[in-house]
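The structure appears below as structure tokens.
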Amino acid sequence: MLKIAESGRYRGRLTYGYRRVQEELIKLDIHLSDAVVRRLMDELNVQVSLYNRHRNCRYSSYKGTVGKVARNVLHQHFNETVPFKVLHTDVTQVRLADTKWAYVSAITDEASKEGSFSISSK
């Protein structure tokens, strides 16, 4: 496996993933399942370094928990009978044809299931 992985080096980086390694093993008449090939490659620390974004720590837009998290007062029981006591809302951003943005805000009442929405643009 190490020889196969080393044969796939490009600019000093490993480029063969488990599928290519497994394919080369089959050519050598060594038949292993993909799970075994992945496990052995992990144990030998032979991982793709050129195209593997997760291992390379490249760009990630995740910034953790941003803002305030509201308390879960409904506890997933959506059966309110009093109007305007529980309202569901969502805001969606939409790009218009003239490259401007519009914001669609929808509000639904839990008791009557009536909804309304408004659109604003900037």
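The values are calculated or read from the model by the stated rules, or taken from the named source; none is laboratory data. In this text the structure is predicted, and so the values were computed from the model without any measurement. With ideal geometry, Cβ positions are generated from the backbone for all residues, glycine too; neighbour counts draw on all protein chains shown. What goes into the accessible areas is simple: the full protein's heavy atoms, side chains included, and nothing from ligands, DNA or RNA. Shrake-Rupley method; radii C 1.70, N 1.55, O 1.52, S 1.80 Å.
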Practice task
Take region 68-95 and flag every residue that is open to solvent by less than 70 Å² (accessible area, probe 1.4 Å) and within 29 Å of the chain's Cα centre (by Cα).
Solution key: L74, H88, T92, V94
Practice task
Starting from region 9-20, take each residue that is part of a helix (DSSP H, G or I) and list its partners that are open to solvent by 100 Å² or more (accessible area, probe 1.4 Å), counting only C-beta distances under 8 angstrom and pairs at least six apart or across chains.
Solution key: Y18/R38
Handout entry: Scan of region 21-44 for residues that are open to solvent by less than 90 Å² (accessible area, probe 1.4 Å), free of Cβ contacts under 8 Å to residues at least 40 places away in the same chain and not charged (D, E, K, R), ordered by number
Key = V21, Q22, L25, I26, I30, L32, S33, A35, V36, V37, L40
